[in-house]
Amino acid sequence: MRFPRRGFTLLELLVAMSLLAMGLVAVLEAISKGLTAARTLQDYHLAVQLARMQMNHTLTLPALPYGVEEGDFGELYPGFRWRTEVEALGTGAQDDLARVVVIVSWQQGGIERAYRLETLWSEGLRDTLLGNATVNFDRQEGAGTGGLSGPEGIPTTAGSEGMVG
């Protein structure tokens, strides 16, 4: 006489456990990659803010520091370094035109990462742009969507920015 089958065999349990283990490994790997991506994004966001801060510092100095300068952000932002390159472009009517480049770099997981911010700047417009700067609000829409501007709504900085590497 045969007894009705109740429960699972040892082989069925082993197959079920191995499938569960593979699924768990895949979920943990996805979580790990998500955390790594979040950390990378956080570092890039910080690099953007630091580059903008360094650019603003450079542009508000009494005179542009032509050439290359390097440094770090101290204990407040350990591991982040900056490099400022100011190059004279003087051409014709704009003899005081300069290219200002700020590069913020850091190490992440053994990989050197960098963010580059670049703008053109005219020493002759310094007083016009910085001395009379006002917050330019979008008056038609009634929202504060503008940026820093000079007397005729001329933007104070026009540049390009992006990740390097």
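The values are calculated or read from the model by the stated rules, or taken from the named source; none is laboratory data. Note that the structure is a prediction, hence the values are computed from the model and not measured. Reconstructed Cβ throughout: ideal geometry from the backbone, glycine too, with neighbour counts over all protein chains shown.
Filter the range 47-83 for residues that are surrounded by fewer than 16 Cβ atoms within 10 Å (Cβ to Cβ) and part of a strand (DSSP E or B) and give the result. Matches in the range 47-83: GLY67, VAL68, GLU69, GLU70, GLY71, ASP72. In the set (1) at pLDDT below 70; (2) surrounded by 15 or more Cβ atoms within 10 Å (Cβ to Cβ); (3) within 21 Å of the chain's Cα centre (by Cα), THR145 fails one condition alone, (2).
Residue under question is GLY7, and the condition is that it be of a type outside the set (Asp, Glu) and outside any helix (DSSP H, G or I); does it hold? Judged against the criteria, GLY7 is a match. Considering only residues that are in contact (Cβ under 8 Å) with a residue 12 or more places away in the chain and either outside any helix (DSSP H, G or I) or of a type outside the set (Ser, Thr, Tyr) (or both), look in the range 28-46 and name the one that is farthest from LEU76 (Cα to Cα). Per the criteria, the residue is ARG39. If you go through the range 110-125 and keep only what is more than 22 Å from the chain's Cα centre (by Cα) and touching a residue at least 60 places away in the same chain (Cβ under 8 Å), you end up with just GLU123.
Residues in the range 101-128 that are part of a strand (DSSP E or B), surrounded by 14 or more Cβ atoms within 10 Å (Cβ to Cβ) and out of contact with any Gly (no Cβ under 8 Å at 6 or more places or on another chain): VAL101, VAL102, ILE103, VAL104, SER105, TRP121, SER122.
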